[in-house]
1. If I go through segment A:121-151 residue by residue, how many of them are at the interface with chain B (Cβ under 7 Å from one of its Cβ atoms), part of a helix (DSSP H, G or I) and more than 25 Å from B:C18 (Cβ to Cβ)?
2. Considering only residues that are open to solvent by 20 Å² or more (accessible area, probe 1.4 Å) and in contact (Cβ under 8 Å) with a residue 60 or more places away in the chain, which ones fall in segment B:147-165?
3. Residues in segment A:44-62: is at least one more than 11 Å from the chain's Cα centre (by Cα), part of a loop (DSSP other than H, G, I, E, B) and hydroxyl-bearing (S, T, Y)?
4. State which residue is nearest to A:G132 (Cα to Cα) when the search covers only segment B:17-36 and only residues that are more than 7 Å from chain A (Cβ to nearest Cβ) and of a type in the set (S, T, N, Q).
5. Has segment B:259-280 got any residue that is among the hydrophobic types (A, V, I, L, M, F, W, C), open to solvent by 40 Å² or more (accessible area, probe 1.4 Å), modelled with pLDDT of 70 or more and assigned to a loop (DSSP other than H, G, I, E, B)?
6. Among (1) more than 10 Å from chain B (Cβ to nearest Cβ); (2) exposed (fewer than 12 other Cβ atoms within 10 Å of the Cβ), where does A:D154 come up short?
7. Of all residues in segment B:344-366, which are modelled with pLDDT of 80 or more and touching a Leu at 6+ places or on another chain (Cβ under 7 Å)?
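The values are calculated or read from the model by the stated rules, or taken from the named source; none is laboratory data. Fair warning: this is a prediction, and the values are worked out from it, not measured in the lab. Every residue, glycine as well, gets a Cβ built from its backbone with ideal geometry; the counts of neighbours run over all protein chains shown. Keep in mind that these areas ignore ligands, DNA and RNA; they rest on the heavy atoms of the full protein, side chains included. Shrake-Rupley method; radii C 1.70, N 1.55, O 1.52, S 1.80 Å.
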Amino acid sequence: MAEKASESSNSISLNTVDGKIFKVSPTIANQMQTIQSLIKAYDSSRVISLPHVNAFHLSKIIEYLEGKSATTVSAVKEFEAQFMKDLSLKQLKGLLIAVGYLKVNELLELMPKTVAKLIENKSVEFLRKFFGIVNDFTPSEEAKIREEIAWAFDGVDED
Amino acid sequence: MTLPTLRGKKTQPLPTLCNELIFEILSWVPVKSLLILRSVCKSWKAIISNQSFIKFHLQRSPKDAYVITASKHGEYVAAQPCKMRSLFENPTSISITVDNSCYLFKADEHCFNFVGSANGLVCSLGSAITASERKIWVRFWNPATRLLSKNSACLLVDVTNDPFSYSMFGFGYDHLTNTYKVIVICYDGEGKITWVKVHNMGDTFWRDIHNFPDFLAARTNGQVRRDGIYVSNNLNWIAVSNSNSYKQSVIVSLDLVEESFTQLSMPCAFDEVYLEVPFEELYIFLGVLMDYLCVSYDDFYKGTNFIVWQMKEFGVQKSWTKVLNISYYDLKVDCELNERHLLSLFPMRMYKNGDFLITLLYYDDLQAVMYNQRDKKVELVKFYNSIQWIFEIDYIESLVSPL
């Protein structure tokens with residue numbers, strides 16, 4: 001009990017862009033490098049605002065860090081697989097941006113691999129839309145690249 | 001004109017993924033998809049073409065075991081890589097069709113061979129012979145990107161004085177200078193080395209390597225692969241030491257960075273076998289099993305067993321470990337002793353549980369068996385039946401350009 005009390009008194013408050021306050025233990029907070037450096041820079045009793053992170057993403061990151069620390073190696077693998085499976089491609093993208101911003105190293109290793117698997121057979125048009133990328137090729141430049149590897153387009157999803 | 005308030009509570013920057021994250025994601029994407037993703041935008045194309053990305057991606061390329069297969073289609077031979085898993089474990093899943101994924105060459109045009117593979121590049125060798133000279137050239141092929149280089153500069157070998165000159169080849173990667181190197185070792189009818197040449201991929205010439213040790217090429221039967229085996233930055237060949245009063249089989253190893261030769265000893269138990277057999281008739285193969293150099297042979301005259309050793313630590317004699325010893329009886333090899341030279345066995349793959357996939361070539365008939373070491377069970381493996389040749393080349397997919 002005493003331990004729990006001291007942990008909660010040390011807990012760090014994080015304020016997401018949509019106004020939700022999360023209280024996390026220093027162990028969890030320190031696994032987010034961006035927050036770790038903010039704690040060092042500021043008084044830890046202050047509420048840390050995260051202008052680029054929403055409540056859903058932060059709750060997922062906390063869920064991951066807590067779930068991961070609690071179990072054995074094989075259980076972690078299983079937990080990770082389920083964690084990723086529960087997220088849609090859109091949610092993954094948002095979460096990855098948050099993870100990149102907060103610098104959660106564990107997830108920075110795991111998530112790109114998951115996203116890669118999901119985008120493997122997607123069409124170029126889908127990916128541009130998905131990643132919010134503007135096509136900066138001229139039509140002839142694009143046609144040339146496509147022509148060089150026309151064979152590779154077999155088996156690509158129709159969006 | 002009023003500027004939009006960037007600091008307003010409701011406005012947030014459009015969330016995008018930074019380039020580092022894009023780099024990370026793309027590094028896990030297979031080659032074929034990456035070729036398509038080059039057309040997403042200029043910055044993605046730049047990432048995918050970047051040399052450090054290509055290296056990074058290569059390290060993450062799945063280490064599936066591939067072999068290069070070749071099959072005859074009319075007057076053409078079509079070569080393509082095939083996952084060993086699909087070839088032997090799930091043969092119905094593959095169909096070999098002749099399209100531009102294949103490396104096609106006319107069967108009667110010139111000799112062909114695949115010398116080796118490194119970082120996703122496969123080196124193919126062509127040669128043509130006239131009364132006075134032999135021409136040797138190579139091409140580099142990346143089956144994953146389907147890019148094939150032009151013929152390299154020709155190496156001309158004068159055969160007027162020595163019509164019985166032969167060559168051994170090798171292909172590997174010099175990680176220090178980021179160079180792909182082809183090695184040709186030429187030897188005379190006695191097996192004595194006459195010269196060693198090297199060609200760097202992209203160069204227009206062949207150059208000499210001096211200071212090769214006094215060894216004799218193992219003059220084995222035509223079925224035996226004489227190509228160098230690339231392990232731990234070294235190319236390795238079976239050879240015969242010329243320094244002792246009796247001829248001892250050794251492994252000659254060329255460090256591709258230093259371009260210097262060393263000799264490695266065979267497993268200790270090997271010499272007894274060797275001494276009884278003229279070396280022309282000894283069937284020794286070098287290979288790679290689970291990233292280790294391995295040597296496999298059969299005790300020809302005793303005619304009982306097929307044996308495989310693995311060098312657990314490259315260059316360390318003590319680390320030779322016997323990983324397989326199986327009798328022909330158990331292997332169900334049915335071959336008359338006088339036809340023994342028509343049979344060659346090769347350990348294709350060793351599994352973590354100690355099982356082996358072994359290929360047997362008898363005349364032109366290629367067979368494969370799976371040997372379960374624990375239960376001593378041998379099972380004939382069916383595989384795609386239109387394949388005539390399998391080159392046991394350790395190939396992985398990469399973006400490395402052969403051009």
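1. 2
2. B:L147, B:L148 - these are the residues of segment B:147-165 that are open to solvent by 20 Å² or more (accessible area, probe 1.4 Å) and in contact (Cβ under 8 Å) with a residue 60 or more places away in the chain.
3. Yes, segment A:44-62 contains a residue that is more than 11 Å from the chain's Cα centre (by Cα), part of a loop (DSSP other than H, G, I, E, B) and hydroxyl-bearing (S, T, Y).
4. Ranking the qualifying residues of segment B:17-36, first place goes to B:N19.
5. yes
6. (1)
7. B:L345, B:P347, B:M348, B:R349, B:M350, B:F356, B:I358, B:T359, B:L360
Residue-by-condition table, conditions (1) of a type in the set (D, E, K, R); (2) within 23 Å of A:L50 (Cβ to Cβ); (3) at pLDDT below 90:
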{"site": "A:S69", "(1), (2), (3)": "no, yes, yes"}
{"site": "A:F79", "(1), (2), (3)": "no, no, yes"}
{"site": "A:S88", "(1), (2), (3)": "no, yes, yes"}
{"site": "A:A98", "(1), (2), (3)": "no, yes, no"}
{"site": "A:L102", "(1), (2), (3)": "no, yes, no"}
{"site": "A:E106", "(1), (2), (3)": "yes, yes, yes"}
{"site": "A:R128", "(1), (2), (3)": "yes, no, no"}
{"site": "A:D154", "(1), (2), (3)": "yes, no, yes"}
